[in-house]
Amino acid sequence: MAVIEQKKNLNAFLSIYADEAIHRAELIDQKIKKHSAGKLAGLVVGIKDLICYKDHPLQGASKILDGFISQFNATAVQRLLDEDAIIIGRQNCDEFGMGSSNENSAFGPVLNDLDNSRVSGGSSGGSAVAVQAGMCQVSLGTDTGGSVRQPAAFCGLVGLKPTYSRISRYGLAAYASSFDCIGILANHVEDVALVLEVIAGADEMDSTVSRKEVPLYSQDLSSQNQKYKIAYLSESIENPSLQPEIKSALIETIEKLRSQSHTIEPIDFPLNEYVLPTYYILATAEASSNLSRYDGVRYGYRSPHSNDLSSLYKKTRSEGFGKEVQRRILLGTFVLSSSYYDAYYNKAQKVRRLIRNKMKEIFSRYDFVLMPTAPTTAFKLSEHSSDPVEMYLADLFSVQANVAGIPAISIPSGKDKQGLPIGLQLLADDFEECKLLRFSRAIIEINRS
Ligand code: GLN
């Protein structure tokens, strides 16, 4: 609690549940004494401001949800509580998860604890910095196009986006439903594995969640010296926008893996240039539909300046949503409009299928794909905020896993010349989280040696 108070200036939390957390800790202590405590007894977890926690505020870091209180627990939150985790607070993020630097929050940006003039990454920036600064042990973030992995990379953490449908989305405020995933940020692979095994799995409240059995990830982390076949994308390593130190870190890891008798080969991904546009067409289309529910009528912010129903809608939405969210709603509405639907939305759906098929074909030959998490390390505040396209390019490597629906993890892999953490990313086939976590642990060990 002292650290949270001392590091308030980082702006990682929007609410702190101090009294409640202390009360719960006392109850859990008693359970521990009686040997009846759950798997996560006493684990201090923070949750992104897009995940519902009953009777607590939820705003998606947006003015439009001013005063909104969750009426139920997200399934993931309920499962954390059932295993005796302690929820410490609600974490800052980009508004509705739209952004890559946490600068699009109605509550102001989150600062990187390593260098306060730099961004945390986004959109789960508060979730990453809270772990980085020692304010909690684990955070639940959301990853629609990289929002768990990219801030994890910028803050030197492990960040997992599981397979789409592995974790229930019940109680997760929607951005782009066919991409949205709850993800986990922590300092150690072991903590990520334990939390995943608690929150993943079938849920009658979400018809899209997989019924596949959930393995005991945390008990299966030893790699037993297994040798893997790994591919890396020539397009990502040769990309001119890739920061040279990240390229070197990638090459170094490739060489170390080779020297440990893993097979590691370059491959081409001819659809590479379509991945980012496909994501931004489909995600904005889904956002324009999902965010239509915020109209000022039933809950949240309502403009005091309106005099009829249509001006109530217009003024509430113009005053309640930030600039980036408005831009995306407009873009999404445009790609869904009848004259452009076939040219953009339909076309992007087809390309998405081709990208997924290509990734599936790669995973029929390889265990993993290795690539950078982001093209750069943590950039300066305001460095990209005036140019949205430049900001979208920060997602160049992270959106691929969301477009394909496959699991991906960012792991810390050294530092750049300025001492800022570098993140490398491993992608695997659907539901291969066990293998992914195991190999991530092995790579972290290799990089340490
Ligand atoms: N930066 C990406 C975007 O702005 C990803 C966001 C996310 O994963 N929630 O859409």
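All of the numbers you see were taken from the coordinates with simple rules; none came from a lab. From a predicted model like this one, the values you see are computed outputs, not experimental measurements. Please note: Cβ atoms are built from the backbone with ideal geometry, for glycine as well, and neighbour counts cover all protein chains shown.
Table for the structure above
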| quantity | calculated |
| --- | --- |
| Cβ-defined net charge surrounding ASN116, 11 Å radius [Lys, Arg +1; Asp, Glu -1] | +1 |
| Order by protection proxy (mean Cβ within 10 Å, highest first), peptides 306-313, 325-332, 188-195 | 188-195, 325-332, 306-313 |
| Protection proxy ranking of 416-423, 174-181, 35-42 - average other beta-carbon atoms within 10 Å, highest first | 174-181, 416-423, 35-42 |
| Charge context of ASP220, other residues only, Cβ under 14 angstrom, K/R +1, D/E -1 | -2 |
| Dimensions in Å of the chain - Rg and Dmax from alpha carbons | 21.0, 71 |
| Inter-site label distance for GLN260 and LYS212 at 7 Å from Cα along Cβ, in nm | 2.4 |
| Segment 142-224 - Debye-derived log10 I(q)/I(0), Cα point model, q = 0.12, 0.16, 0.26 Å⁻¹ | -0.35, -0.62, -1.29 |
| Neighbourhood net charge (12 Å Cβ-Cβ; Lys/Arg +1, Asp/Glu -1) for ILE355 | +4 |
| 25 °C / 0.890 mPa s Stokes-Einstein diffusion coefficient of segment 317-407, Kirkwood radius on C-alpha pairs, µm²/s | 154 |
| Ellipsoid semi-axes in whole angstrom, largest first, where each is sqrt(5λ) of the Cα gyration tensor of segment 241-338 | 47, 16, 11 |
| D (Stokes-Einstein, µm²/s), Kirkwood Cα radius, segment 1-117, 0.692 mPa s at 37 °C | 216 |
| Relative exposure of SER105, SER288, judged by other C-beta atoms within 10 Å (fewest first) | SER288, SER105 |
